[in-house]
1. Residues in region 236-246: is at least one over 19 Å from L51 (Cβ atoms), among the acidic types (D, E), modelled with pLDDT under 95 and surrounded by fewer than 17 Cβ atoms within 10 Å (Cβ to Cβ)?
2. Does at least one position in region 195-215 carry a residue that is more than 13 Å from the chain's Cα centre (by Cα) and over 16 Å from K131 (Cα atoms)?
3. For region 100-219, which helices (runs of 4 or more DSSP H) that fit wholly inside it have 1 or more residues that are in contact (Cβ under 8 Å) with a residue 60 or more places away in the chain?
4. When P102 is evaluated against the numbered criteria (1) more than 19 Å from V287 (Cβ to Cβ); (2) modelled with pLDDT under 95, which criterion, by number, is the only one it fails?
5. Of everything in region 75-99 that's touching a Leu at 6+ places or on another chain (Cβ under 9 Å) and of a type in the set (S, T, N, Q), which residue is farthest from L244 (Cα to Cα)?
6. Restricting to region 214-227, give me the number of residues that are surrounded by fewer than 19 Cβ atoms within 10 Å (Cβ to Cβ) and within 19 Å of L179 (Cβ to Cβ).
7. Checking V264 against (1) in a strand (DSSP E or B); (2) out of contact with any Ser or Thr (no Cβ under 8 Å at 6 or more places or on another chain); (3) of a type in the set (V, I, T), which test does it fail?
8. Does G86 satisfy being of a type outside the set (D, E, K, R), more than 14 Å from the chain's Cα centre (by Cα), surrounded by fewer than 19 Cβ atoms within 10 Å (Cβ to Cβ) and not in a strand (DSSP E or B)?
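The values are calculated or read from the model by the stated rules, or taken from the named source; none is laboratory data. Note that this is a predicted model, so its numbers are computed, not measured. Because the Cβ atoms are built from the backbone with ideal geometry, glycine has one as well, and the counts that use them run over all protein chains shown.
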Amino acid sequence: MTPELMRVGAKLRQEHEERQKSRDTESGGRQASFGRLVRQGEADFTQGVALYLDNISVSFDGFKALNALTLEINVGELRCIIGPNGAGKTTMMDVITGKTRPDAGTVFFGSTIDLLRMTEPQIAQIGVGRKFQKPTVYEQLTVFENLELALKADRRARASLFSRLTAEQLDRIGEMLTLIHLKANAQRTAGLLSHGQKQWLEIGMLLMQDPKLLLLDEPVAGMTDEESERTAELFLSLEGRHSLVVVEHDMKFVDQLTQSRKRVTVLHEGSVLAEGLLSDVQNDQKVVEVYLGR
């Protein structure tokens, strides 16, 4: 989707909203054609696109980490990104999350939010969550306490001092413990968890923020085969409710995630080298030469 199409879609949505306002009816905050009304500052996903990168270029001391990269992720899609070291995968995530500013190009979250105009904290607040390869959890706290801290809530000093968890929040934490396979470890100190369990806990902490888009950098690095399989099950269960971008080198894990004909994107030298079903890109001679080998 080009920026021009985004503008057209936004104009059509605005015209529809104006027609709705002229009617003296109760809509319950919903529209027949465009779904939930979008508040100012919220991303609009009614065009079906969660993330759109167009012609992104980034240079570091003359080295082009990203070279006119264009990529589109649909709402609710699970997309795997593969490619050799130095292909630009981490730089791409840095651009999306505001850590790195590109030399050229545009990045849209939905059809209304220009991420290049926002800071890292603002990007996180509007629904973009990122998980780095090394898990980051509060190791001195219990698993339950880690999830509690990650709840979307008022974190000002007075509010935190006098806050008590509501029944709804307790249910939310309980559901998350089940989802990330840590219900039996709820009261265990996070520092005592295995590497894979810490990865799940950090993913759970991100999910407590209810992100629309999850960026996951080599999430199964260092995991056992069993932990990798459980992680695949977790990601597949999130598909549809969240958009997921998974950067990974473990091709067995990628295969587990993409068996139901999902697209895989291959990056090389900062650009998209190939895109399609895993079976197609694995047989692409260019991909074999630069990444997969024989």
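1. No.
2. no
3. In region 100-219, the matching helices (runs of 4 or more DSSP H) lie at 120-125, 143-150, 195-207.
4. Evaluating P102 over (1) more than 19 Å from V287 (Cβ to Cβ); (2) modelled with pLDDT under 95 leaves (2) as the failure.
5. T91
6. Selection size over region 214-227: 2.
7. (2)
8. Here the answer is yes, as G86 does meet what is asked.
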